[in-house]
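Let me begin by presenting the structure, written as structure tokens, before commenting on it.
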């Protein structure tokens, strides 16, 4: 299970994090929570953890004998640099340009965090239920619980308009490395270089948006060695067509999350509209209506959120010793907070559930990542590989000057450590809105190229889409979150900190949160619109307590953000050198770390061995019913009423879930899995427990991507969800 | 709800903590977990928190106008220094020596953490279900779930022998301050003073044990200004007679915990045996079989675990800024760990539940305490009071030298901060056993007076009772806990720490935990017995991996413990001076901070105002059924089948729970509430949300102790639990 939209709050933040490696240094995430999309660690149970270590042990042996460039089916390739030779050599398959273009244009990025695909000429989009659940939550009310009950629009008129989704279709990629680098003076300080680079990026993006009308993002690749301009067609009128019940989508709950075999229909269908009509699409995926076969070559086209495979040992140590423990502490804190809020009653449980689920998902992922990094053998392997590389670099005169980059990365970690807990944000919807509105007003006064990332002309529409969302804001939940954030800020900055004293205004965290939430008018979209329209004067004049608070904190926020961006820039420069050195030693043909942009992965449908057992690649509907029976009375193992009622009609041997070796990570949730013919055969929704180290190390010995079978989705639509018509339309 | 036995693992630890103020400096608790008994903060919900702040605000007004010595019915008085004048003046009641002796001898301390009382001449003991739940858990199996299903012994032969309980009856108190102080040289360094004091204590305790055969504990009072010798008769053959279902005992669960009105039968009955026969008791409480009346004067005789009312502002700041955040982080970590373990299946849920409950209880208590301390007004009040006191001290020549004590306490906090995360323990049953056995073997070689606290001759029996407990040890749970502790140790000490590297032995935390748990034989009581009998040679020769690990960590453990004890000693000396100064200014007649020893509190049965509503003092059985109906379908709000079945028989207007103003805190759980006649009228089981600041500040404006009514217990026995015979016997 992957975390999704609920952890990336708006386009500005999403954009910031698409530049690599920003994991904690971007100002938007300086409060320590991962807004990126991450795979979930199944469990902290040591028995299960042992399975991870077993695979790490195998990797260790593999790596120490020969450090290969890529391992097995490793790789998340750029669509403008596909591994054609490798595919031909290994799988006898040569993707044509048309094949690749069609797949790219049929792929969709959920800007809220996740992937999807077009599956009909009239705008249908397939993604995961857990990618859509943020939207399902926003569309739900105490009376209409889409999360519990699912949804089916019987006609187009019944489709529900979503409050703030933005879907992106990748139209073109252009290498702009030279233009960016030309904008940065060679002798610039890190601070100046960051400013100059940001200006160059803003200029290219704005020019592109102006000339093409397309969303235009410059993406930092290979740790700053390359910059590519990605142009997207945006869809912002997105409507809900079908969603199953959570009991079916997340069958087995936390206990089965990250496990295999699985039996989940983690799927949801939406439709994009243009000018009030279903969008007419030239590119969409046909569906293969036959079962998948064992050993079949498959491709995954989606948007992996972040990997850290380029990281030096020092950077991994920072993760292990500082950043991940810090983030885990934060996540546990928020997990308990949301649980406690939910105890207040059924409606509170409903309000907190979606966010709680996202937090639990992230907490599990980080727990698993930490477990891998705390294995002394993992680090020994990484260190051995780095030592050999450094030795080779030192032996070659033309690149030995690059060796200093490793030292620079090392030094930068100490600065990141120091910045880790520095924050001037109070994570809650209302404060986030106030902060973004205040920043927007101030940034608008500056020339486009001097603005903070996320506030340039080219980002404006996506930002407004978020700021003017009609999603409900629950004041009781906001108050609980704000009180907790204030309490946390007292601990982090100290009770005697000038800013803390000013923020609390003599009140306790609980009192202050209550008065802020009671006093602000920002839950009203019209009020937000008026503030945005009124610009800086309106914001400066506002006596809304949340806006006043955001303004109080603004200079400290900017100070921290600036410092983090400077650190980020220096790290970027160092990794660009490391990439140069590595390429000189190991050659090209690789792939950059994930950046939440479209990538192609490939793999084979294949089971695996675990504790002496053969885990077959497929499951079917019969297995789902058996699994429910085996776990009777255990929470999260009830199949929904629709399933129990329809058992007689379902073709029980239909494939339901399957695994393959493709290299995926969080953000790939909702990615289509296609065959050689470019036909959809599955829908990525999870990685198994053995794949959770893939943030920094890939393995296909046991690591597997988990998909819903396309035929399984069709069968559930036909025989369970009374949606035969929909099933007949899609993928034709 | 109060935390109980599960957080105090053995007599040695319990004893250490009876010396004040050891909250984090005692070696046994250097890993940061509160073994003391603490009241639970109801909720982190800011709406509820606001209620705490409202009461703090009221206190603030009260305190700033006149800083009284004690507030309302404040006080946890020593049985050898009862507030007779105050009781006579305020309530017109003069307790006779016989009255007090009878109450003292009818009171019971659960050495596992909690209070109780004798309620029949043939050994029946009443306590809380949540004090007994640790024992219920240990007596349960997958087939016999006493936690879920409750228990009733139809005959004495059916009573279940508990695996490791020790009950204490306070036989006498003797002031030994002069003897202790005579043993400490005036010019001794803190380190030497600590050693000398420990030696003096050990000598007194051992002599007393030898001459009387009674458990003999020297208790540090008034922060070291007084030392009293407490002698206890011990009961170690304790059998379970009756327990209700958790659904009845903890009706309303986490959501209702710390709330009022309440409807809980949080009661359990045991019986003490001597020589295989029910103990014949001269002192036990008669029960009043009439309803309690509003405004009635009542007394609570129990063992409050710890208060910190003497704390200076600097000490409270350390709590607020360092210690409580640190402990909360630990508790949240363990709460998630236990929850995740429980997801593995029903049996795992059962195994983890009791510990999970204790952790949640503690987490809520600390959250509430922190909320109070983070209120700027609380600290301003405390600071104002301290400033006035210091000014008065400075104005009086004979005591102005004592003013330095505040500065010393301040300096000591920095050292405590530094020691906070230092630990050489791995919290789990198997490691704790190994560590205690290894320490015991080494300590046994030393003269009695040089031994660590908890390992002296007088402590030996209680320690063995714990080490040789027949309670089941679940290896899967042990493995999960140990893996988590190892992972935490890597973070705290660093992956490159010599001891960490040695402990991990090249393995990951998960692997290492698995091999330790698989390799150790310590789950076998006979193996533990043999190691203890064999002494140091046996331990040194042992190739049990857990024993080997404990030995590897022993010198570091001793180093940390020694350092903490030295800090503790200096703090004790400073607080003794502060007590001297305070007494000089404010007079005597007060009470020392709680030390998990027998105290008498008093108060009146009284409702209170909340948000404009009058909360009546009593609830009844009818209310319980209504409460269940109002919360239908919500977790933890189902009354058990026994209740639903018996609704027709129950006298619905019988009192079930009530509140009074008595000054209690964690550890008072299970305390009898008696009337002027010394008759039992209730059983303490909780404090309401407004009482949770009472760790450092008492108030009876809204703060209330919550009890099960004696008549409610009798009615449930008669009409619900088919235990009419038992009901007729008790308290006669």
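The values are calculated or read from the model by the stated rules, or taken from the named source; none is laboratory data. These numbers come from a predicted model, not from an experiment. Don't worry about glycine lacking a Cβ; one is built from the backbone with ideal geometry, like all the others, and counts go over all protein chains shown.
Quick look at the numbers
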| item | result |
| --- | --- |
| Whichever residue in region B:378-401 is surrounded by fewer than 19 Cβ atoms within 10 Å (Cβ to Cβ) and within 13 Å of chain A (Cβ to nearest Cβ) and, among such residues, is farthest from residue A:480 (Cα to Cα) | B:383 |
| Which listed residue is over 27 Å from the mean Cα position of the chain (by Cα), at pLDDT 95 or above, under 30 Å from residue B:318 (Cβ atoms) and more than 14 Å from every other protein chain (Cβ to nearest Cβ), from A:546, A:553 | A:553 |
| Selection within region A:610-668 - within 14 Å of chain B (Cβ to nearest Cβ) and in a helix (DSSP H, G or I) | A:627, A:630 |
| Test: residue in region B:719-729 that is at positive phi and touching a strand residue (DSSP E or B) at 6+ places or on another chain (Cβ under 9 Å) | yes |
| Out of B:335, B:347, sole residue that is at the interface with another protein chain (Cβ under 9 Å from one of its Cβ atoms) and assigned to a helix (DSSP H, G or I) | B:335 |
| In region B:96-113, the residues that are within 19 Å of the chain's Cα centre (by Cα) and modelled with pLDDT of 95 or more | B:104, B:107, B:108, B:109, B:110 |
| Test for residue A:216: is it buried (at least 22 other Cβ atoms within 10 Å of the Cβ) and assigned to a strand (DSSP E or B) | yes |
| Residue list for region A:293-308, restricted to those being assigned to a loop (DSSP other than H, G, I, E, B) and either surrounded by 23 or more Cβ atoms within 10 Å (Cβ to Cβ) or more than 20 Å from the chain's Cα centre (by Cα) (or both) | A:293, A:294, A:295, A:296, A:303, A:304, A:305, A:306, A:307 |
| Scan of region A:123-148 for residues that are surrounded by fewer than 17 Cβ atoms within 10 Å (Cβ to Cβ) and more than 25 Å from residue A:523 (Cα to Cα), ordered by number | A:148 |
| Options B:500, B:525: the member that is at pLDDT 95 or above, surrounded by fewer than 19 Cβ atoms within 10 Å (Cβ to Cβ), over 24 Å from residue B:464 (Cα atoms) and not assigned by the TED database to the domain that holds residue B:337 | B:500 |
| Failed item, numbered, when residue B:227 is tested on (1) without any contact (Cβ under 8 Å) to a residue 60 or more places away in the chain; (2) surrounded by fewer than 22 Cβ atoms within 10 Å (Cβ to Cβ) | (2) |
| Residue A:458, sole failed condition from (1) within 30 Å of residue A:340 (Cβ to Cβ); (2) crowded, with 22+ Cβ neighbours inside 10 Å | (1) |
| Residue in region B:309-328 that is part of a loop (DSSP other than H, G, I, E, B), out of contact with any helix residue (DSSP H, G or I) (no Cβ under 6 Å at 6 or more places or on another chain) and away from chain A (no Cβ under 14 Å) present | yes |
| Region A:473-513, residues that are closer than 23 Å to residue B:314 by Cβ, part of a helix (DSSP H, G or I) and at the interface with chain B (Cβ under 7 Å from one of its Cβ atoms) | A:487, A:490, A:491, A:504, A:509 |
| Search result, residues across region B:402-437 that are surrounded by fewer than 22 Cβ atoms within 10 Å (Cβ to Cβ) and not in a helix (DSSP H, G or I) | B:420, B:421, B:422, B:427 |
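Matching residues to (1) modelled with pLDDT of 95 or more; (2) touching a helix residue (DSSP H, G or I) at 6+ places or on another chain (Cβ under 6 Å); (3) surrounded by 24 or more Cβ atoms within 10 Å (Cβ to Cβ):
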{"position": "A:633", "(1), (2), (3)": "no, no, no"}
{"position": "A:646", "(1), (2), (3)": "yes, yes, no"}
{"position": "A:663", "(1), (2), (3)": "yes, no, yes"}
{"position": "A:667", "(1), (2), (3)": "no, no, yes"}
{"position": "A:672", "(1), (2), (3)": "yes, no, yes"}
{"position": "A:676", "(1), (2), (3)": "yes, no, no"}
{"position": "A:688", "(1), (2), (3)": "no, no, no"}
{"position": "A:691", "(1), (2), (3)": "no, no, yes"}
{"position": "A:713", "(1), (2), (3)": "yes, no, yes"}
